[in-house]
1. Counting only Cα atoms, I'd like the Rg/Rh figure for the chain, Kirkwood definition for Rh.
2. Based only on the alpha carbon positions, what is the Kirkwood hydrodynamic radius of region 2-76, in angstrom?
3. Angle check, please: helix 157-166 long axis (alpha carbons) against the longest principal axis of the chain (alpha carbons), in degrees 0 to 90, nearest 10.
4. How many Lys pairs in the chain lie less than 15 angstrom apart by Cα atoms, where the lysines are 8 or more positions apart or on different chains?
5. Which order do 49, 81 fall in if you start with the one that has the fewest other Cβ atoms within 10 Å?
6. Can you tell me the FRET efficiency between residue 1 and residue 158 if r is taken as the Cβ-Cβ distance and R0 is 45 Å, rounded to the nearest 0.05?
7. Taking a temperature of 20 °C and a viscosity of 1.002 mPa s, what whole-number D in µm²/s does Stokes-Einstein yield for region 81-175 with Rh from Kirkwood over alpha carbon pairs?
Amino acid sequence: MRTVRVATDRVGVLIGKSGETKRMLQEVSGIPIDIREDGLVIIHEEKTEDALMPLKLADVIKAVGRGFNPEKALRLMEDDEFLEIVDLKEFVGDRTNQLSRIRGRLIGKDGKTRRIIEDLTRCEMIIYGNTVGLIGNSISLPIAKHAVEMILNGSEHSSVYHYLESQRPRLRIAEMGFDI
């Protein structure tokens with residue numbers, strides 16, 4: 001048995017309308033789960049033969065708990081997809097005004113910065129509470145994480161965009177299936 005804790009305001013999303021999301025996660029993974037109102041999710045991993053499936057399911061549940069919609073979080077069921085959570089408080093401490101400022105910098109005007117990071121790296125990105133969540137493959141995820149950290153460390157947006165553009169050839173080669 002494995003447990004994962006999610007925020008209580010995300011329990012409804014994890015269960016879904018009439019239990020749709022919970023049922024879908026159980027069908028895809030083949031593992032029964034119990035979701036409690038206090039946000040504790042119990043994964044009955046002893047009922048599976050695939051040793052990696054409980055870990056993948058736990059990552060999907062964590063991703064939904066961190067703000068991703070369940071369809072995007074399902075990417076984590078694929079073999080080369082990973083979840084990365086960056087804590088904003090590590091960069092700005094407990095200063096609330098700095099947290100909202102840094103969230104604004106990550107999102108950008110009308111969502112431009114977030115959209116550029118997602119489009120150029122083909123990663124999913126969510127800013128929820130005091131964290132940034134990223135879902136991507138082993139090539140694109142480190143690039144997206146570095147771009148996020150550049151913004152968190154105060155780099156200008158143009159520098160971040162330039163870095164992302166410089167990584168495009170590497171990402172294209174990886175998309176074609178060649179190892180880098």
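We did not get these values from a lab; they are worked out from the coordinates using the rules stated. All figures in this text were calculated on a predicted structure; none of them were measured in a lab. With ideal geometry, Cβ positions are generated from the backbone for all residues, glycine too; neighbour counts draw on all protein chains shown.
1. Here the Rg-to-Rh quotient is 1.00.
2. 11.9
3. 80
4. Within the chain, the lysine pair count is 6.
5. 49, 81
6. Using R0 = 45 Å, I get an efficiency of 0.35.
7. 161
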